[in-house]
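The structure under discussion appears below in the form of structure tokens.
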Amino acid sequence: MKGFAMLKIGEVGWIEKERPACGPLDAICKPLAIAICTSDVHTVWEGAVGDRHNMILGHEGCAEVVEVGSLVKDFKPGDKVLVPAITPDWNSLEAQSGYSMHSGGMLAGWKFSNFKDGLDSEYFHVNDADGNLAHMPEGMSLEDACMLSDMVPTGFHGVELADIQFGDTVLVIGIGPVGLMSVAGAHMRGASRILAVGTRPKCVEIAKKYGADEFISYKNGSIEDQVMALTDGKGVDRVVIAGGTVETFESAVKSLKPGGKIGNVNYLGSGDYITIPRVEWGVGMGHKQINGGLMPGGRLRMEKLGSLVSSGKLDVSMLSTHVFHGWEHIPEALQLMKDKPADLIKPVVILDNTP
């Protein structure tokens, strides 16, 4: 089979590989559409998870099942499915302890394009198909289905990690596609005021539609100074970090009230240490909690988020700003995500031809 792969750090290209084998609990799928993620940029050009050679990229998409193992009960060839970016091993001890995304080790629930070939190929393998695939809701567009792999669950997980409550004042740092879903999730959770950090006009426009009230630009001074000015020196109840660098935590801590919580879902692609300001952290005793986590994966999560979209409670169509048709556009879409032009939120490639 043909696939688009990371050849080594800083280099990508098309390769040929053997079609993956299907175990008794597994499924083999063919992608119907794929989306490109900033994580791919971190992985390829920053070497954020280490060097990878000839590893097929892609962890966001939707698919059609072509083969299932003998023990798979709920899926059959021909089924159209949602595919989460995180596919845990559900019989692991980590899953039983409530941290399925780390089944088998730190971040090991993230298999696609981490240590296992991803979706950007003619066929891909899904472990524990009954636990990780979800039937695509009738009438859902392929573009919307792709957003459910990673953007929606990651953005929403930032909201969960920050433990946003009714009436909270919330700061969302970064309003790319994940941050936009954090804005939407904070709004759905009952935040009374949402401050969003971002400058690209398209992102600001869509963040307003998802519920952001006010915007902060790093070009106008430090994030924390602007937050304090907007909150009369009080700070915010909750922070979601969906973009930035290891230095971003300093602004988040300084912007937070005592007893507040930070939820980080930003993939930190470089840097050795995170900066936490000693005094503003209450010299270690300010009850300012920092939670960072990889999104939960699995079927139940996909089904619930799919219901939000198919019921009309969540509109993700605004995220897919650049839609291509044909395998040959995958390199172009990846380059777009690297360059991030002003009008880009998310590129999607509909795979309606033969690679």
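The values are calculated or read from the model by the stated rules, or taken from the named source; none is laboratory data. Owing to the predicted nature of the structure, the values given are computational and were not obtained by experimental measurement. Every residue, glycine among them, receives a Cβ derived from its backbone with ideal geometry; neighbour counts consider all protein chains shown.
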Within region 68-104, how many residues are part of a strand (DSSP E or B), crowded, with 19+ Cβ neighbours inside 10 Å and not β-branched (Val, Ile, Thr)? 1
Number of the exception - Gly58 against (1) surrounded by fewer than 23 Cβ atoms within 10 Å (Cβ to Cβ); (2) touching a strand residue (DSSP E or B) at 6+ places or on another chain (Cβ under 6 Å); (3) in a loop (DSSP other than H, G, I, E, B): (1)
Would you say Ala184 is buried (at least 24 other Cβ atoms within 10 Å of the Cβ) and in contact with a Phe, Trp or Tyr (Cβ under 6 Å, 6 or more places away or on another chain)? yes
Residue pairs meeting the criteria (Cβ under 8 Å; at least 6 apart or on separate chains; first touching a residue at least 24 places away in the same chain (Cβ under 8 Å) and more than 13 Å from Val348 (Cβ to Cβ), in region 24-45; second in a strand (DSSP E or B) and of a type in the set (Gly, Ala, Ser)): Cys29/Ala63; Lys30/Ala63
Checking Leu351, Leu344, Leu334 in turn, the sole residue that is in contact (Cβ under 8 Å) with a residue 60 or more places away in the chain and over 22 Å from Trp14 (Cα atoms) turns out to be Leu344
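Residues are listed down the side, and each one gets a yes or a no for (1) more than 17 Å from the chain's Cα centre (by Cα); (2) of a type outside the set (D, E, K, R); (3) modelled with pLDDT of 95 or more; (4) surrounded by 14 or more Cβ atoms within 10 Å (Cβ to Cβ):
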{"position": "Arg200", "(1), (2), (3), (4)": "yes, no, no, yes"}
{"position": "Gly211", "(1), (2), (3), (4)": "yes, yes, yes, yes"}
{"position": "Thr248", "(1), (2), (3), (4)": "yes, yes, yes, yes"}
{"position": "Ser251", "(1), (2), (3), (4)": "yes, yes, yes, yes"}
{"position": "Asp272", "(1), (2), (3), (4)": "yes, no, no, no"}
{"position": "Val279", "(1), (2), (3), (4)": "yes, yes, yes, no"}
{"position": "His287", "(1), (2), (3), (4)": "yes, yes, yes, no"}
Can you spot a residue in region 222-243 that is within 30 Å of Ala33 (Cβ to Cβ) and part of a loop (DSSP other than H, G, I, E, B)? yes
Given the criterion closer than 30 Å to Gly50 by Cβ and in the same structural domain as Trp110 (by TED's automatic domain parsing), identify the matching residue among Glu332, Glu303. Glu332
